[in-house]
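Enquirer: Sharing a structure with you now.
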Amino acid sequence: MAPASRPAAAGAALLASVGLVAYRSHSSAAVATVSLAAAPAAVDAPSEEARAASSARAASSASSARAAESDLRADMTTVVNQNNLTKMTWASTDPILAQEFFLKYVPSHKALDGCDPYCECGVQGRVTCNGTSDFGLHATNDMVHPSGTKSVADLEEIFTSKYAAFAEYTDVMDHHAGLWTPDLDLTIVMLREEAIPFLTLSWTSVDGLSYYSVLVAVPKTMVLVEFVGVPPSASALGDGNVLAVDVPRCAQSLAHLSRDGATETQMTPLWISRASSDANRDAAWYASHFWASTVYNETTTDALGNTNTHIYMIINPSDYVFHWELHFVQRPPSSLGGMTIADVEGYFKEVHRSVILSPVCGFDSWIDNHYGMDMPPQSVHKDAVSGYYLDRLLRSLDTDAGNTYRLYKQTVLDAGVLYALYVVEPSGYSLQINGYLESAPALVPTWNFTLCGQGYCSSSLGDGIHRWDPPRDPAPTNPTSG
């Protein structure tokens, strides 16, 4: 495999302050029922009109890619976006397959940063969704980083067996990225055309509107996306069954998306969802360290008496126009595939503990299971006492020695050094935050875009940097309250 790495672009665009959207939060102790039916069955081939629409969509995506390639931005800090959610990434044994899937079924183009696709020590499959604030879908095989006693292929086999041909909703399906699509009909037709199994959900939003979702995975991977849109036509649905879900899939109104008249080549990230063994644990951690707010919290009981907990949160500051959500969904333990969700979480955390020995030392394959967001240095994020958002966040994380994170220098922009902070959640999954540090520790390495190195710790680093040395006073404060 010949190396094909090249210098990356400046990274995800840093965001400007562009307005405020009110949230409608919902919390209920009422008991509801979730109805789960079978997945859509195979139907007749799509019409010539549907095939033409599919071809037009592919041509439009290719046109967008050409336009993007001719418009490389020299200064990423000048771009005004409406969403600071930058990406969803999965560890994968076949990132090229994932990229091909994204390009076919998601209106998108190849990402302009990273390797394309071969790095010196790994492979990346990265796309940028059309019509978004540079939101990316990424799959990564970093072949030199440790994964523990189980390989990425082992976990992919477990997840695939849990998907069970999408015959019913299973626990790992709660780990996905939720994307709004203006043309759910076309998405369904294209999936059926290629006989890709998927699961169709119907649900009612918090403002009483009807929506449908389609859950689909890249075959034989952990990569799962949920396409969300207005109810599709009867011809698109065919005779496939639909799962009627009593819990809304989103805590805010989506009415503005369904009436904006966006074209079929545009897509909007709505949420990142986690399958959790303890949703209250995860929500409390995010509230404590990231100052996240809960906008929906409901526990329901299905027809079999099983209890399910849904907690939806927001992290991004109040001065952004679009508020993406972070979902934690806890379902009854299932050993389908040989591991429960708690088993998967425990394994990820075990590997993190053995590999990541300090904030500047160690990186394993499971860190690739992360989402990303930007935290730019707007006035709401920085003050004379506490510095930038990342300064406050690191002080907060250091109040608990059990927290694990890695820090890298990413690139240099007009505002200074842009850092990439990888933080391990209580579940063992991760997130990446791009931002600035006013008080950075010594020995922070620069991210290696070839995916080489930095997997194992060097003994020369010693034990003195396993935690931050100086006390980080004053106490952490909410950076979004001012």
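Derivation of every value follows stated rules applied to the coordinates shown; laboratory data play no part. Because the structure is a prediction, the values reported are computed rather than measured. Quick reminder, even Gly has a Cβ in these numbers, built from the backbone with ideal geometry, and neighbours come from all protein chains shown.
Enquirer: By how many nm would the segment from Asp343 to Thr301 grow when fully extended, if each residue of separation counts as 0.36 nm and the alpha-carbon distance is taken off?
Expert: Contour length minus Cα-Cα distance gives 12.8 nm.
Enquirer: Among residues other than Ala244 whose Cβ falls under 15 Å from its Cβ, what is the net charge (Lys/Arg +1, Asp/Glu -1)?
Expert: -2
Enquirer: Follow-up. Is the shape of the range 170-249 rounded, prolate or oblate, going by the alpha carbon gyration tensor and its root eigenvalues a ≥ b ≥ c, with a/c under 1.5 for rounded and a/b larger than b/c for prolate?
Expert: Oblate, since a/c reaches 1.5 and b/c is not below a/b.
Enquirer: Please state the shape class of the range 406-446: rounded when a/c is under 1.5, otherwise prolate if a/b exceeds b/c and oblate if not, all from the C-alpha gyration tensor.
Expert: Judged from the Cα gyration tensor, the range 406-446 comes out prolate (a/c at least 1.5, a/b above b/c).
Enquirer: Okay, next question. Could you tell me how far the Cα centroid of the range 83-126 sits from the Cα centroid of the range 179-250, in Å?
Expert: Comparing the Cα centres of the range 179-250 and the range 83-126, I get a distance of 22 Å.
Enquirer: Please compute the net charge surrounding Asp142, taking Lys and Arg as +1 and Asp and Glu as -1 over other residues with Cβ under 10 Å from its Cβ.
Expert: In short, -2.
Enquirer: Still on this model: Give the shape of the range 269-311 as rounded, prolate or oblate, defined through the alpha-carbon gyration tensor: a ≥ b ≥ c are the square roots of its eigenvalues, a/c under 1.5 means rounded, and otherwise the shape is prolate if a/b is larger than b/c and oblate if not.
Expert: It comes out prolate by the Cα gyration axes.
Enquirer: Related question: Go ahead and run the numbers for FRET between Asp207 and Thr446, Cβ-Cβ distance against an R0 of 45 Å, rounding to 0.05.
Expert: E between Asp207 and Thr446, to the nearest 0.05, is 0.45.
Enquirer: Taking the Cβ-Cβ separation of Ala234 and Leu336 as r and a Förster radius of 35 Å, what is the calculated FRET efficiency to the nearest 0.05?
Expert: 0.60
Enquirer: Straight distance only, please: which lysines reach the Cα of Lys220 with their own Cα at less than 22 Å, same-chain residues fewer than 8 apart left out?
Expert: Once the sequence-local lysines are set aside, what remains near Lys220 is Lys87, Lys104, Lys110, Lys150, Lys162.
Enquirer: Which of the peptides 239-248, 267-276 is most tightly packed, and how do the rest follow, judged by the mean count of other Cβ atoms within 10 Å per residue?
Expert: Top to bottom by mean Cβ count within 10 Å: 267-276, 239-248.
Enquirer: Output wanted: per-residue J couplings in Hz (rounded whole) for the range 249-258, from phi through Karplus 6.51 cos²θ - 1.76 cosθ + 1.60, θ = phi - 60°, x for Gly and Pro.
Expert: Listing the rounded values in order: 7, 8, 8, 10, 5, 10, 4, 5, 6, 6 Hz.
Enquirer: Computed FRET efficiency, Cβ-Cβ of Asp400 and Asp154, R0 41 Å: what is it to the nearest 0.05?
Expert: Working from the Cβ atoms, E equals 0.85.
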